[in-house]
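Visitor: This is the structure, below, for whatever I ask next.
What follows is calculated from the coordinates using simple rules that are stated; it is not laboratory data. In this text, all values refer to a predicted model and were calculated from it rather than measured experimentally. No Cβ is skipped: glycine too gets one built from the backbone with ideal geometry, and neighbour counts run over all protein chains shown.
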Amino acid sequence: MSIVNKTMMACNLYGIGDLRYEEVAVPSLKPGEVLLKVKAAGICGSDIPRVFEKGTYHFPTIPGHEFAGEIVVVNSGDEALLGKTASVFPLLPCFTCEACQEGEYAQCANYDYYGSRRDGAFAEYIAVKKWNLVPVPPGVKAEHAAMCEPCAVAIHALSQAEIKPDGTVAIFGAGTIGILAAQAARGQGARTVVLVDVDNAKLDFARSLGFEHTVDSKTEDPALYIKNMCGGKGADLALEAAGVAATAEGCFKATKNFGTVVLMGNPSKNMDISQKAYWEILRKQLTLKGTWNSSYSSANNNWHTAIQYMENGVFNLDKLITHRFSFCECNKAFELARTRSEPWVKIMFINN
């Protein structure tokens, strides 16, 4: 395929709330890059405020950082990559800062990022660095591989604590990543996984995936439910996956003495916790761990683990993709994402 003077269709963000489906130039390849034909690209929760409230780092920008596709153009010497399917780690590290030198790329001080700092994947084609390619085996669907990023984030969060084979994991927040974390915890051998939310539709969905222990925290005390299951001790691990004070406090209350709480939810505003909740941390001697993004190094690669979990059935992703759109329907898709006029888990753009 010659890319000289070629154009493609893309979803281009010109300003807050101004997303346009339009014709743009196909990106040309730089050394160390390949051209990927985007097969599937998901709307991340962070894309919604990016389009409607915060904007990107410059305009116009093509959003989209959860994606997978087929390698269709390469530079000389990379012909073996042609026709391969890959997901893409969207963070472009500087490789020179202290964090990068330690392989902790998510903490890079000077990173770039597909879909916010540079053009992303809500387009027919995208040029990506070879280093960022995550090989996808033939048995994994492209639309599943496009969910590698949230899967890797869930895996990374759980890696901050030990999953005990006879243990109980409580997840506060049954959104997309909360559900993925629940599946991963179950796959890693947790005896019991409890999902807590205030949205009954999300809990119904969790039950449809085989999670029998669900708690509507509007009507039931999650800590009491969990302690009754655990002989009064509480959960070994609680994962906060909503980014609000109530779920953080719920985690502290529901966790056993000397247990671990992993804070994953990204708050949209200040969080204030009560004195009583703070006492839970002190008196139980809880371990609090933060988690951010995912690991993508030769020593520890959550993305490769995510693909393995897709292959061996730990992740059941078919039901999670609740809505599929073409790129030409980008405004319709984002309006659904923003208004939640219908319940959704993952909204996916499909580019056949």
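Visitor: According to the square roots a ≥ b ≥ c of the eigenvalues of the Cα gyration tensor, what is the shape class of segment 1-153, taking rounded for a/c under 1.5, prolate for a/b larger than b/c otherwise, and oblate for the remainder? Kindly include the intermediate steps, with their values, before the conclusion.
Guide: Details: a/c = 1.37, a/b = 1.07, b/c = 1.29.
Since a/c stays below 1.5, the shape of segment 1-153 is classed as rounded.
Visitor: Here's another thing I want to ask about it. Going by amide H atoms built from the backbone, whose H comes under 5 Å of the H on TYR21, apart from near neighbours?
Guide: It is ASN12, by chain and number.
Visitor: Rounded, prolate or oblate: which fits segment 80-164, taking a ≥ b ≥ c as square roots of the Cα gyration tensor eigenvalues, rounded meaning a/c under 1.5, else prolate when a/b beats b/c?
Guide: Details: a/c = 1.85, a/b = 1.14, b/c = 1.62.
Oblate, since a/c reaches 1.5 and b/c is not below a/b.
Visitor: Could you give each residue of segment 224-230 its phi-based ³J(HN,Hα) in whole Hz, using Karplus coefficients 6.51, -1.76, 1.60 with θ = phi - 60°, and x for Gly or Pro?
Guide: Rounded to whole hertz, the list is 5, 4, 5, 5, 5, 6, 10.
Visitor: Calculated FRET efficiency, HIS58 and CYS328, Cβ-Cβ r, R0 30 Å, to nearest 0.05?
Guide: Details: r = 24 Å, r/R0 = 0.81.
So the FRET efficiency works out to roughly 0.80.
Visitor: Residue by residue, what Karplus-based ³J(HN,Hα) values in Hz, rounded to whole numbers, does segment 13-23 have, using 6.51, -1.76 and 1.60 with θ = phi - 60° and x for Gly and Pro?
Guide: After applying 6.51 cos²θ - 1.76 cosθ + 1.60, I find 8, 9, x, 4, x, 10, 9, 10, 8, 8, 8 Hz.
Visitor: Continuing with the same structure: Just to verify a number: FRET efficiency for GLU22 and ASN228, C-beta to C-beta distance, R0 = 56 Å, to 0.05?
Guide: On the way: r = 56 Å, r/R0 = 1.01.
Efficiency computed from Cβ-Cβ geometry: 0.50.
Visitor: Once you put a point 7 Å from the Cα of ALA201 and another 7 Å from the Cα of ILE350, both along the Cβ direction, what distance in nm separates them?
Guide: 2.1 nm
Visitor: In addition: When ranked by the protection proxy of mean other Cβ atoms within 10 Å per residue, highest first, what sequence do the peptides 135-143, 334-342 form?
Guide: Working: 135-143: 16.4, 334-342: 13.9.
Listed from highest to lowest mean packing, they are 135-143, 334-342.
Visitor: Can you run phi through the Karplus equation (6.51, -1.76, 1.60; θ = phi - 60°) for segment 210-219 and list ³J(HN,Hα) in whole Hz, with x for Gly and Pro?
Guide: Per-residue couplings from phi come out as x, 8, 7, 9, 10, 10, 8, 6, 6, 10 Hz.
Visitor: Put a dot 7 Å past each Cα toward the Cβ at THR7 and ASP272; how far apart are the dots in nm?
Guide: If labels sit at ASP272 and THR7, their model points lie 5.5 nm apart.
Visitor: Between the helical axis of 302-312 and the dominant principal axis of the chain, each derived from Cα atoms, what acute angle in degrees is found, rounded to the nearest 10?
Guide: The answer is roughly 80 degrees.
Visitor: Do you know the relative contact order of segment 193-352, to the nearest whole percent, from alpha carbon pairs under 8 angstrom that are 6+ apart? Each step should come with its number before you reach the end.
Guide: Numbers: 212 pairs, mean separation 20.8, N = 160.
Dividing the mean separation by the residue count of segment 193-352 yields 13 percent.
Visitor: Show that you can apply the helix-only estimate: for the chain, add -39,500 (n - 2.57) for every DSSP H stretch of four or more residues, divide by all residues, and state [θ] at 222 nm to the nearest 500.
Guide: Details: 10 runs with 89 residues, N = 352.
That calculation yields -7000 deg cm²/dmol at 222 nm.
Visitor: Measure up LYS202/LYS269; LYS84/LYS346; LYS6/LYS332; LYS37/LYS129; LYS218/LYS289 against 18 Å on the Cα-Cα distance and list the ones that go over. If you can, show how the numbers build up before the last one.
Guide: Working: LYS202/LYS269 23 Å; LYS84/LYS346 25 Å; LYS6/LYS332 27 Å; LYS37/LYS129 14 Å; LYS218/LYS289 26 Å.
Distance filter (> 18 Å) returns LYS202/LYS269; LYS84/LYS346; LYS6/LYS332; LYS218/LYS289.
Visitor: Quick one: length gained pulling ILE48 to ILE281 fully straight, 0.36 nm per residue minus the C-alpha distance? Can you show the working numbers first?
Guide: On the way: separation 233, 0.36 × 233 = 83.88 nm, distance 3.34 nm.
Length gained, ILE48 through ILE281: 80.5 nm.
Visitor: Place the peptides 212-220, 83-91 in order of packing, highest mean first, counting for every residue the other Cβ atoms within 10 Å and averaging per peptide.
Guide: With the highest mean Cβ count within 10 Å placed first, the list reads 83-91, 212-220.
Visitor: For LYS54, LYS346, what's the fewest-to-most ordering of other Cβ within 10 Å of each Cβ?
Guide: Details: LYS54 12, LYS346 24.
Neighbour counts put them in this order, fewest first: LYS54, LYS346.
Visitor: Right, next: Any idea what the dipole of segment 161-290 comes to, in debye rounded to 20, about its Cα centre with Lys/Arg Cβ at +1 and Asp/Glu Cβ at -1?
Guide: 340 debye
Visitor: Oh, and also: Using amide H atoms built in the peptide plane, which far-off residues or other-chain residues are under 5 Å from PHE349 H to H?
Guide: For PHE349, whose amide H was placed from the backbone, the distant partners under 5 Å are ALA41, GLY42, ILE43, PHE325.
Visitor: Same structure, new question: Could you work out the local net charge near GLY15, counting Lys and Arg as +1, Asp and Glu as -1, over the other residues with Cβ closer than 13 Å to its Cβ?
Guide: +1
Visitor: Using Cα pairs closer than 8 Å and at least 6 residues apart in sequence, work out the relative contact order for the chain, in percent. Don't skip to the end; give the middle numbers.
Guide: On the way: 789 pairs, mean separation 60.2, N = 352.
Once normalised by length, the contact order is 17 percent.
Visitor: Straight-line reach from LYS30: which aspartates and glutamates fall under 17 Å, measuring Cα to Cα and dropping same-chain residues less than 8 apart?
Guide: Answer for LYS30, where 17 Å is the Cα cut-off: ASP78, GLU79, ASP112, ASP119, listed by chain and number.
Visitor: How far apart, in nanometres, would the label points at TYR113 and ASP221 be if each is projected 7 angstrom from Cα along the Cα-to-Cβ direction?
Guide: Taking the two extended label points, one gets 3.9 nm.
Visitor: Just check segment 148-271 against the gyration tensor rule for me: Cα atoms, a ≥ b ≥ c as the square roots of the eigenvalues, rounded for a/c under 1.5, and otherwise prolate or oblate depending on whether a/b exceeds b/c. Before the final figure, lay out the partial values.
Guide: Values: a/c = 1.15, a/b = 1.05, b/c = 1.09.
In terms of gyration-tensor shape, rounded.
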